[in-house]
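Down below is the structure, laid out as structure tokens.
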Amino acid sequence: MQRENRIGTPFFELSEVDSSNNYAMRQVQAHLAVHGSVWFAHYQKAGKGQRGKVWNAEHSQNIMMSAAIEPSIISVDEQFVINAAVALACNDFLIKYAVDEISIKWPNDLYWKDRKAGGILIENVVSGEILKWSIIGIGININQTLFPTALKNPVSLKQITGSTFNVIDMAKELCDHLEVRWQQTLQMSNDELMKEYCSHLYKRDEQVTFKNSNEIFTAIVRGVTRRGELLLEKKEGIVAYSSIEWL
């Protein structure tokens, strides 16, 4: 198993793909990927977001990339720790430029104040009880300033800072942050990593309105379990949700 590569080595640029995650998965399935491989897409025809949503982005204006890692050291039951590490890496990256009010909206949206700066989609290849591969898809708004009206609350680093960035340089810098957090997953306990993830949680200890099936209710966001469930404090106590809609 080849693990000596840093994340971002090798780094491939793709002019156009359906989605970087789909492309990365095809490379893994064809045995053409090594741990640390990253594919940066200048344009995605069918970018993938959480829960089947489409990720819309202008050509060559944003980070749209996927990394392949071999995470077999992590148990299938605790695979959310990969999400936590990736979200923290993105958080580290954004804080450098946006300075403050960066947070992680469960399960894996990246927020500046109450606006979405990016998102993460991780797709795992599992064999029995072993995580063979994780395809880490990351989209972060960098230079785009006009967004589809259907998007509720997008924001880019250019809108936050007033600066224009080199998206390839930014993507490679993000790879460095991913490598740091990946190494932490190998060295730290899952509890430590999850504690830090929860410390950056969007609306933590605040009352928020949610929808679960046909039920709309308010609850206080308290944290996230090692299995990736959102912990909400309701009248009857703390309840863990694996899937729920923010309103």
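Bear in mind that the values in this text are calculations on the coordinates, not laboratory data. Just so we're clear, the structure is a prediction, and the values are computed from it rather than from any experiment. FYI the Cβ positions are ideal-geometry reconstructions off the backbone, even for glycines, and counts take in every protein chain you see.
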* **Mean Cβ count within 10 Å, highest first, over the residues of peptides 59-67, 146-154** => 59-67, 146-154
* Quick one: net charge around Met188, please, counting Lys, Arg +1 and Asp, Glu -1 for every other residue with C-beta under 15 Å from its C-beta. => -3
* Residues whose placed amide H lies under 5 Å from that of Lys116, excluding near-sequence neighbours -> Asn153, Val155
* **Residues with amide H under 5 Å from that of Gly36, placed H, sequence gap 5 or more** => Ala68, Ile69, Glu70
* Asked: For Asp92, what is the net charge nearby, where nearby means another residue's Cβ is under 14 Å from its Cβ and Lys, Arg count +1, Asp, Glu -1?
  -> -3
* To do: Starting with the fewest neighbours, write out Phe12, Phe165, Phe40 ranked by other beta-carbon atoms found within 10 Å of each beta-carbon.
  => Phe12, Phe165, Phe40
* Label-point separation in nm, Gln184 to Thr225, each point 7 Å along Cα→Cβ -> 2.3
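May I ask for the Kirkwood hydrodynamic radius of the chain, worked out over all distinct Cα pairs and given in angstroms to one decimal? Show your work: numbers first, answer last.
Numbers: mean 1/r = 0.0543 Å⁻¹.
The Cα-based Kirkwood calculation yields 18.4 Å.
When DSSP beta bridges are limited to those with both residues in region 112-178, what percentage is antiparallel, rounded to the nearest 5?
Values: 11 of 12 bridges.
Around 90 percent antiparallel, to the nearest 5.
When Lys and Arg each count +1 and Asp and Glu each count -1, what net charge do the other residues less than 10 Å away from Arg226, Cβ to Cβ, add up to?
Details: positive: Arg227; negative: Asp77, Glu78, Asp191, Glu229.
Result for the local shell: -3.
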* Asked: Among Cys198, Cys175, Cys90, which comes first, second and so on when ranked by fewest other beta-carbon atoms within 10 Å?
  -> Cys198, Cys175, Cys90
* ³J(HN,Hα), Karplus 6.51/-1.76/1.60, whole Hz, each residue of region 11-17, x for Gly, Pro -> 10, 10, 9, 10, 5, 7, 9
* To do: Under 16 Å Cα to Cα from Lys152, which aspartates and glutamates show up? Leave out anything in the same chain fewer than 8 places away.
  => Asp109, Asp114, Glu245
* Low-density loop cleavage sites - trypsin sites (Lys or Arg not before Pro) in region 187-247, where at most 13 other Cβ are within 10 Å (DSSP) -> Arg227, Lys235
